[in-house]
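None of the figures in this text is laboratory data; all of them are computed from the coordinates on show. Just so it is clear, the structure is predicted and the values come from calculations on it, not from any experiment. Cβ atoms come from the backbone with ideal geometry, glycine included; neighbour counts cover every protein chain shown.
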Amino acid sequence: MVLNPFDTFQFSHTHDLTGTMVTSSAPLFVISGSNCINTLYLPNQGYGDGNPFMEMILPTDQLDSLYVIPDIAKYQWSTVRVLSVNATSITFRNASSVIKKSLRPREHIDFQHQKISYIQASDNIIVTVYPQYVLTGYLDSFMMTIHGVNQFLAECHFAVPSMSFDSYISIAVRSSDIGGFILDDHPLRLKIFSA
């Protein structure tokens with residue numbers, strides 16, 4: 001198809017589109033997701049919940065082979081989806097297990113994530129995390145693209161919602177570098193923030 005400058009095109013399917021490849025003759029961006037994911041269903045209580053999952057997808061030249069999935073505040077566990085671009089071997093590590101798998105091109109695999117997980121691959125991969133619905137406190141599920149270690153920068157700026165919400169920052173860094181953080185032009189004080 002031909003798109004003119006600033007045109008958008010959307011297509012959908014009733015099945016999982018994971019592994020779909022989009023190529024173009026000029027730069028573009030892709031947003032992927034679902035309008036409603038059934039994140040919680042309690043049949044005995046007659047209660048269900050659905051959330052939209054939408055996320056911008058990284059271009060293949062911004063992918064990596066090493067990822068750190070941080071602890072996500074308030075969520076006890078998440079699903080991590082790993083998608084291969086080419087055939088690759090991956091190693092998934094967390095506090096309790098090491099899992100090794102081989103993936104064909106555009107094949108994906110899901111892992112359960114708690115606290116901190118690490119993924120090493122023999123080729124570039126796409127990593128997305130889906131923190132699960134939390135019944136106590138009613139925290140919704142969401143979708144988040146994880147950036148690889150080689151995409152890390154030495155300076156990051158971020159925005160958070162209004163002050164009516166608690167705010168959390170998850171930072172992945174080598175243990176030896178924890179003492180060097182500057183937050184709002186002041187050294188990070190571990191008495192205020194937990195490492």
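In order along segment 163-174, phi translates into HN-Hα couplings of 5, 6, 10, 6, 10, 10, 10, 10, 10, 9, 7, 5 Hz, rounded to whole numbers, per the Karplus curve 6.51 cos²θ - 1.76 cosθ + 1.60 with θ = phi - 60° and x for Gly and Pro.
Counting lysine pairs in the chain that sit 8 or more residues apart in sequence, or on different chains, and whose Cα atoms lie under 27 Å apart gives 5. Per-residue packing, averaged as other Cβ atoms within 10 Å, sorts the ranges 90-102, 170-182, 3-15 into the order 90-102, 170-182, 3-15, beginning with the highest.
Give, as a single signed number, the net charge of other residues whose beta carbon lies under 13 Å from the beta carbon of Ala73, with Lys and Arg counted +1 and Asp and Glu -1. Local net charge: 0.
Spin-label model, Ala87 to Met21: label points 7 Å out along the Cα-to-beta-carbon direction sit 1.4 nm apart. For Thr91, the shell of other residues with beta-carbons less than 11 Å away shows a net charge of +3, using +1 for Lys and Arg and -1 for Asp and Glu.
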